[in-house]
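One structure is given here, and the rest of the page talks about it.
The values are calculated or read from the model by the stated rules, or taken from the named source; none is laboratory data. What you are looking at is a predicted structure, and each value in this text was computed from that prediction instead of being measured. All Cβ positions, even for glycine, are placed from backbone atoms using ideal geometry, and neighbour counts span all protein chains on display. For accessibility, only protein heavy atoms count, side chains too; no ligands or nucleic acids. Shrake-Rupley method; radii C 1.70, N 1.55, O 1.52, S 1.80 Å.
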Amino acid sequence: MRRGVSSANANWDNSVAVLTGDFLFARASHILADLGPEAVRIQAEAFERLVTGQILETAGPGEGRDPIAHYLDVIAGKTGSLIAVAGRFGAMMAGADESVVDILTQYGERLGTAFQLADDVLDIASDSHESGKTPGTDLREGIPTLPVLHLRARAASADGDATDRELCELLAGDLTEDAAVREALRRMRAHPALEQARRDTVRYAEEARATLGPLQDCAAKSALESLCDAVVHRAG
């Protein structure tokens, strides 16, 4: 489930879903070309960041690298870069000056990161009716989202206890059965790592809101501030 409906790969298959995405990207690039070479260059840079983020996710953190810092870099590349370029294009095409373009680019980066972190929280905290996706999907697939990374950090620290380590072992085990996923969700929902991930989501949303401070008050600014509230509400 994605956004309350069956996902494309569930309705058809992975190959069709991927090819459809490629087709939409090609059409978007064609439309973008009419905006001029600068717009094409910016889009190419954003796409490079997106792919780099995916490579970093696949490679995992290097030796000595904090897994949480690595994960935030991945999100900034895979999601933050897309929302950042949307804010940048909006300001550019509206004829805003360079300072406003920079503000809205920074805003988009932080908002995009907050949005992805909210998704991490929703994968654990919400049921399918609330989130529009099947809960525990990331856990079942072994994707180390922010709540799981906070759990691992706690388990490895002096504050960690046997309960933390047992939960880590559960998540690292076989989660192909629905019963195992339900148990993992139950325990993760009660763990402080989930609340810590919520706080991180709120922090990025508030940072996005703060970047708008220099802009003059207007309906557009209010709408962008409301987006920050909406992201936080998703993770609440």
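Each helix, a run of at least 4 DSSP H residues, gives -39500 (n - 2.57); summed and divided by the residues of the chain, these come to -24000 deg cm²/dmol at 222 nm. Accessible area per residue for segment 67-176 is 43 Å², calculated with a 1.4 Å probe on protein heavy atoms, without ligands, DNA or RNA.
How much net charge surrounds LEU175 when only the other residues with a Cβ under 14 Å from the Cβ of LEU175 are counted, with Lys and Arg +1 and Asp and Glu -1? Taking every other residue near LEU175 into account, the sum is -4. Relative to the longest principal axis of the Cα atoms of the chain, helix 162-172 runs at roughly 60 degrees.
Taking the centroid of alpha carbons for each part, segment 26-62 and segment 165-236 are 25 Å apart. Near LEU215: Cβ cut-off under 14 Å, other residues only, Lys/Arg at +1 and Asp/Glu at -1. The net charge is -3.
Computed from Cα atoms, the angle from the helix 37-59 axis to the main principal axis of the chain rounds to 10 degrees.
Residue ranges 48-57, 27-36 sort as 48-57, 27-36 when ordered by packing (mean number of other C-beta atoms within 10 Å per residue, highest first). Share of carbon and sulfur in the accessible area of segment 93-214 stands at 49%, probe radius 1.4 Å. With K and R counted +1 and D and E -1, the other residues having a Cβ less than 14 Å from that of GLN196 yield a net charge of +1. Peptide packing: for 11-23, 216-228, 185-197, the average count of neighbouring Cβ atoms within 10 Å per residue gives the ranking 185-197, 216-228, 11-23, highest mean first. Using the average count of surrounding beta-carbon atoms within 10 Å as a protection proxy, the listed peptides 104-115, 60-71 rank, highest first, as 104-115, 60-71.
Once the Cα atoms are used to define both axes, helix 98-125 deviates from the longest principal axis of the chain by about 20 degrees.
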